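The values are calculated or read from the model by the stated rules, or taken from the named source; none is laboratory data. What you see is a predicted model, and the numbers here were worked out from it, not measured in a lab. Cβ placement follows ideal geometry from the backbone for every residue including glycine, while neighbour counts extend to all protein chains displayed. The area values use the complete protein model at the heavy-atom level, side chains included, leaving out ligands, DNA and RNA. Shrake-Rupley method; radii C 1.70, N 1.55, O 1.52, S 1.80 Å.
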Amino acid sequence: MFDLSGKTALVTGGGRGLGLEMAKALAGAGAWTVINGRNGQGLEEARKRLHGDAIEIGIAAGDITRDAPAIIAAAVEKTGGLDILIHAVGERDRRGTEAMEPHEFAVLLNIDLTAAYTVAKTALPYLRRSAAGRLIFVTSIAAFAARAGDPAYTAAKGGLAALTRSLAVELGADNLTVNAIAPGWFATETNAHLAADPALKAFVDIRIPLKRWGRPEEIAPAAVFLASPAASFVNGITLTVDGGMTVQM
């Protein structure tokens, strides 16, 4: 039920971190997978690393916020179709309301929310041709819980969770499921300095029931599940992968 043989996939933001782990897992499950990112050299390095692990992927470089049609067309040209789209692009601006101007707020919303809508709309004709299309957004636990001084990211990720529900309702008749994954604290290369900070250890012990950061590869099973036949009747959910952080009082 988790076999993706014969499926085609595109992972935006797939050149590193959680996006790369999800792409690696899709390819490992049998999907012909293409990764996207702005840094073409970084994508090529990721492709070579996975090739060394006997995993083959394709690359489609470009800024998804500007070039979504070209990127998706390039992925489809490489794979011959599109059954699975995971949109993992995102940025964060940790400035509070007094420090962030409205136009700067709008910039982050464009990257983290509007681009997701653009990607979905652009990919829709291809996903509709699939016998079982899968659209998966990567949101965040910030969609449900807020920290001070992070208004733009919190608003964008909350909007992305809402967009997931809306598109799930709208597109279900096309045999296309739309779901999201909300990661918690993961020790990616971006967060490595935070994960190694002893000052945060006490906070992690209190706030995360498993008392540790997530390992990047632990996001992969969620992606494979939502992309697979096992999730054929799962639609409109946000699957939280956070070690229990958001359910602990």
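Within segment 86-106, the residues that satisfy the criterion of being under 30 Å from Leu226 (Cα atoms), open to solvent by less than 70 Å² (accessible area, probe 1.4 Å) and of a type in the set (D, E, K, R) are Glu91, Asp93.
Condition first: in a helix (DSSP H, G or I), exposed (fewer than 13 other Cβ atoms within 10 Å of the Cβ) and of a type in the set (D, E, K, R). Now tell me which residues in segment 197-216 satisfy that. Selection gives Asp205 alone. Restricting the search to helices (runs of 4 or more DSSP H) fully inside segment 13-121 and requiring at least 3 residues that are in contact with a strand residue (DSSP E or B) (Cβ under 7 Å, 6 or more places away or on another chain), farther than 20 Å from Leu176 by Cβ and without any contact (Cβ under 8 Å) to a residue 24 or more places away in the chain gives 40-52.
Of all residues in segment 153-193, those being open to solvent by 60 Å² or more (accessible area, probe 1.4 Å), farther than 16 Å from Ala116 by Cβ and part of a helix (DSSP H, G or I) number 3. Within segment 230-240, being open to solvent by 60 Å² or more (accessible area, probe 1.4 Å) and either of a type in the set (S, T, N, Q) or part of a helix (DSSP H, G or I) (or both) holds for Ser232, Asn235. Can you confirm whether segment 48-58 contains a residue that is under 16 Å from the mean Cα position of the chain (by Cα), of a type in the set (Gly, Ala, Ser) and open to solvent by less than 70 Å² (accessible area, probe 1.4 Å)? Checked against the condition, which is being under 16 Å from the mean Cα position of the chain (by Cα), of a type in the set (Gly, Ala, Ser) and open to solvent by less than 70 Å² (accessible area, probe 1.4 Å), segment 48-58 yields no hits at all.
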